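S.K.: Quick one: the structure is below, questions incoming.
The values are calculated or read from the model by the stated rules, or taken from the named source; none is laboratory data. Predicted model, so just to flag it, every value in this text is computed and none were measured. Heads up, the Cβs are rebuilt from the backbone with ideal geometry, glycines too, and the neighbour counts pull from every protein chain shown. Note: accessible area is taken over every heavy atom of the protein model, side chains too, but ligands, DNA and RNA are not part of it. Shrake-Rupley method; radii C 1.70, N 1.55, O 1.52, S 1.80 Å.
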Amino acid sequence: MEERWTRSVLSRSLHKTQIIARESRAAALLLCPKFIRKALMSEQSPETSSGQYQVLARKYRPETFADLVGQDAMVRTLKNAFAADRIAQAFIMTGIRGTGKTTTARIIAKGMNCIGPDGAGGPTTEPCGQCEHCLSIMEGRHVDVMEMDAASRTGVGDIREIIDSVAYRAASARYKIYIIDEVHMLSTSAFNALLKTLEEPPAHVKFIFATTEIRKVPVTVLSRCQRFDLRRIEPEVMIKLLRKIASAEAAEIAEDALALITRAAEGSARDATSLLDQAISHGAGETTAEQVRAMLGLADRGRVLDLMDMILRGDAAAALTELSAQYAEGADPMAVLRDLAEITHWVSVVKITPDAAEDPTISPDERSRGQDMAGRLPMRVLTRMWQMLLKALEEVAAAPNAMMAAEMAIIRLTHVADLPSPEELLRKLQDTPPPPHPGGTGGPGHPGGGMPMHGMAAPAAGRGAPAAGGGGGAPAYASAPPQGAPQGGPNTGPSMSAGSVNATNATGGGQAAALAPRPDSALARFPSFEHVIELIRKHRDVKLLVEVEGGVRLVSYQPGRIDFTPSAQASKDLAARLGTALQNWTGSRWVVSISPDGDAPTIAEVRDAAANALRETASAHPLVQAVLANFPKAKITRIRTPEEMEAEVQAEALPEVEDEWDPFEE
């Protein structure tokens, strides 16, 4: 106990000695003449006194709120808070890397502790940058402004040190300020230990947090802080900033080179200034866009647009040659594909919102070519290319050889470039005339208007040729079976979509041919559409039966082929479900197609026609109209014709007895 008490007394005495020394030095500095004070302060800053080189990101670090770029909303809020003396006890800055979170924290700390050149100033949003506190804070050596990296000090013990020290007043400044960078890295116990002090800190203590992962900060901490979201710096503002720094450094750098740096920085001022520093050194006084592109390992955007044109034309050889040339000149295959994806996204956005083309980071030539692509490329082509490029980026990142994976991605992209769109394919299929029907219509054994199809083939127009259904219905693709497959017999292969047909090799030609289904022995059992209805009723598919009776306006029928026009209440997939059901029940392929010009009545309409006519006749009777007029809610529920009534009477009458026995006879 005595040893612990002695250690505690010595620690407090040392702390008080440091405070007295700091206060004495501060008082001595204030009493010294200005040039002596400046000399004494410069002794504590070896970087500035020795003339060592500072990177541009530190050399041009903002020192006042006026120097901050792209954060107007936050600056306005803080200025109003300082002017109204409404300074919160805790702030939290969030945003992507390099947007000024830690810099803003130091500027706030300077504004709170600035005393002005004369030593009599108060809290301000325009720190003088000359007093001891301003200089010490910007150099990171102020005793009352403590910066802690939460990424390396994450435990509750580190937070306990802060909690123990907040009870002591600031040694020389107005406020004791704790700046905790990457605060989201603190442990749960550390956050919990900080809550009470964060909610009710002493009047001389302020907390400023900075984080890039605001979602990882507990809501209990966020509710105790004023939150400021630092935005990405806009390209126009970033280019202006870089141009200003380059002028201050007497460096010549091209405008398109600044645009490349701005695009690569992705809204981060620190990234942009670091890249500018590297570009100035790379260019040795005069930096061009080609040098920056080589420095960043980027491909020429113009050549990437050329590569995209080759891909969209389906010219695989030229596209691979261009990719190899860019690779030989130092372009990274991943960067080329990433540029292709970026251009695809940009062209898609320009197609929807033309104002997006007015991007200052885009060159005039690139802008004009992008607008031309947006005008002539359909959105489905762009979205398909975007999806394939995303997949290609994953493959290139995981492949052992990035160039090989990139070449395979280019081959795939060029292969699908000339594929027809669904609309074009449907239009082509609808415009294709139906195959010839030799032998006429009808015939023995075909009361439904069928025709023999044995041996007849319509030549296919290459791979995936369409085969049109009869009656102008919706056709389908013909798929060729392997060589040697039997020409006849029921097709027991896997079910395709409704409307698909068999295909064989045409005799003599050797090419794939689309064959209409043949009414073989399996389909001869269904000579008319009524037999199909009986088949559905036999399998007790009530839903399909109701839809067929009420939704099919039959255009033509042959065993194995149904062409109809759907009624208004027919479901969209009726043709597909009817074809699949008939194939499953019969074991043979059925062609069910849709024709737009059928006007035949449905089975339900024919069946209900007599009842509807009788109901209309009854409704037109004056007596019935009088009843309905006096009883508005009355309805006709049943109509009995005289014939039906007579039949009912006869059915209920007792049978006549020819030889009736009379008990009084004899």
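S.K.: In nm, to one decimal, how far is the modelled label at Thr641 from the one at Lys196, with both set 7 Å along Cα→Cβ?
M.R.: 9.6
S.K.: Rounded, prolate or oblate: which fits the range 100-255 when a ≥ b ≥ c are the square roots of the eigenvalues of the alpha-carbon gyration tensor, with rounded for a/c under 1.5 and prolate only if a/b beats b/c?
M.R.: Details: a/c = 2.36, a/b = 1.33, b/c = 1.77.
Judged from the Cα gyration tensor, the range 100-255 comes out oblate (a/c at least 1.5, b/c at or above a/b).
S.K.: Between Gln387 and Asn630, what is the label-point separation in nm under the 7 Å Cα-to-beta-carbon projection?
M.R.: Those two pseudo-labels are separated by 6.9 nm.
S.K.: Let me know the shape class of the range 82-122, please: from the alpha-carbon gyration tensor, a ≥ b ≥ c as square roots of the eigenvalues, rounded when a/c is under 1.5, otherwise prolate if a/b is greater than b/c, or oblate.
M.R.: Values: a/c = 3.64, a/b = 1.76, b/c = 2.07.
Oblate.
S.K.: Please give the FRET efficiency for His621 paired with Asn584, using the beta carbon to beta carbon distance and R0 = 56 Å, rounded to the nearest 0.05. If you can, show how the numbers build up before the last one.
M.R.: On the way: r = 50 Å, r/R0 = 0.89.
Result of the calculation: an efficiency of 0.65.
S.K.: I would also like to ask the following. Sorted by average packing, counted as other Cβ atoms within 10 angstrom per residue and highest first, what order do 642-652, 613-623 take?
M.R.: On the way: 642-652: 9.1, 613-623: 10.6.
The peptides rank, most packed first, as 613-623, 642-652.
S.K.: What order do you get for 413-419, 586-592 when each peptide is scored by the mean count of other beta carbon atoms within 10 Å, highest first?
M.R.: So the peptides 413-419, 586-592, ranked by packing, come out 586-592, 413-419.
S.K.: First check a/c for the range 234-317, with a ≥ b ≥ c the square roots of the eigenvalues of its C-alpha gyration tensor; if it is under 1.5, answer rounded, and if not, answer prolate when a/b is larger than b/c or oblate otherwise. Display every interim value, and only then the final one.
M.R.: Numbers: a/c = 2.94, a/b = 2.05, b/c = 1.44.
Prolate shape, in that a/c is at least 1.5 and a/b is the bigger ratio.
S.K.: Another question about this same structure. If the chain between Ile87 and Ala651 were fully stretched, how many nm would it gain, using 0.36 nm times the residue separation less the Cα-Cα distance? Intermediate results must be reported in sequence, preceding the final value.
M.R.: Details: separation 564, 0.36 × 564 = 203.04 nm, distance 10.15 nm.
Here the segment from Ile87 to Ala651 would lengthen by 192.9 nm.
S.K.: Mean separation of Cα pairs under 8 Å and 6+ residues apart, divided by the residue count of the range 57-164: what relative contact order is that in percent? Kindly include the intermediate steps, with their values, before the conclusion.
M.R.: Working: 81 pairs, mean separation 23.0, N = 108.
Computed over the range 57-164, the figure is 21 percent.
S.K.: Further, regarding this structure: Do any GluC sites (Glu not before Pro) in the range 264-343 lie in a loop, going by DSSP, with at most 15 other beta-carbon atoms within 10 Å of their beta carbon, and if so which? Present the calculation step by step, with values, prior to reporting the outcome.
M.R.: Values: sites: Glu266, Glu286, Glu290, Glu322, Glu329, Glu342; in loops: Glu266, Glu329.
When the GluC sites (Glu not before Pro) of the range 264-343 are filtered for loop state and at most 15 Cβ neighbours within 10 Å, Glu266, Glu329 remain.
S.K.: Right, something else. Do you know the relative contact order of the range 124-207, to the nearest whole percent, from alpha carbon pairs under 8 angstrom that are 6+ apart? Intermediate results must be reported in sequence, preceding the final value.
M.R.: Details: 95 pairs, mean separation 28.9, N = 84.
Answer for the range 124-207 is 34 percent.
S.K.: How far, in nm, would the chain grow between Asp306 and Val416 when pulled straight, counting 0.36 nm per residue and subtracting the alpha carbon separation? Could the numbers behind the result be given before it?
M.R.: Numbers: separation 110, 0.36 × 110 = 39.60 nm, distance 1.78 nm.
Between Asp306 and Val416, full extension yields an extra 37.8 nm.
S.K.: Need the C-alpha centroid separation for the range 136-208 versus the range 249-322, integer Å.
M.R.: With the range 136-208 and the range 249-322 each reduced to a Cα centre, they are spaced 43 Å.
S.K.: For the pair Ala524/Asp597, report the inter-label distance in nm, with labels modelled 7 Å from Cα in the Cβ direction.
M.R.: According to this spin-label approximation, the distance is 3.4 nm.
S.K.: Can you send over the carbon and sulfur percentage of the accessible area for the range 226-290, probe radius 1.4 Å, protein chains only? Walk me through the numbers on the way to the answer.
M.R.: Details: 1590 of 3290 Å².
For the range 226-290, the apolar C and S fraction of the accessible surface comes to 49 percent.
S.K.: Probe of 1.4 angstrom, ligands and nucleic acids ignored: what's the accessible area per residue over the range 67-136, in square angstrom?
M.R.: On the way: 2610 Å² over 70 residues.
On a per-residue basis, 37 Å².
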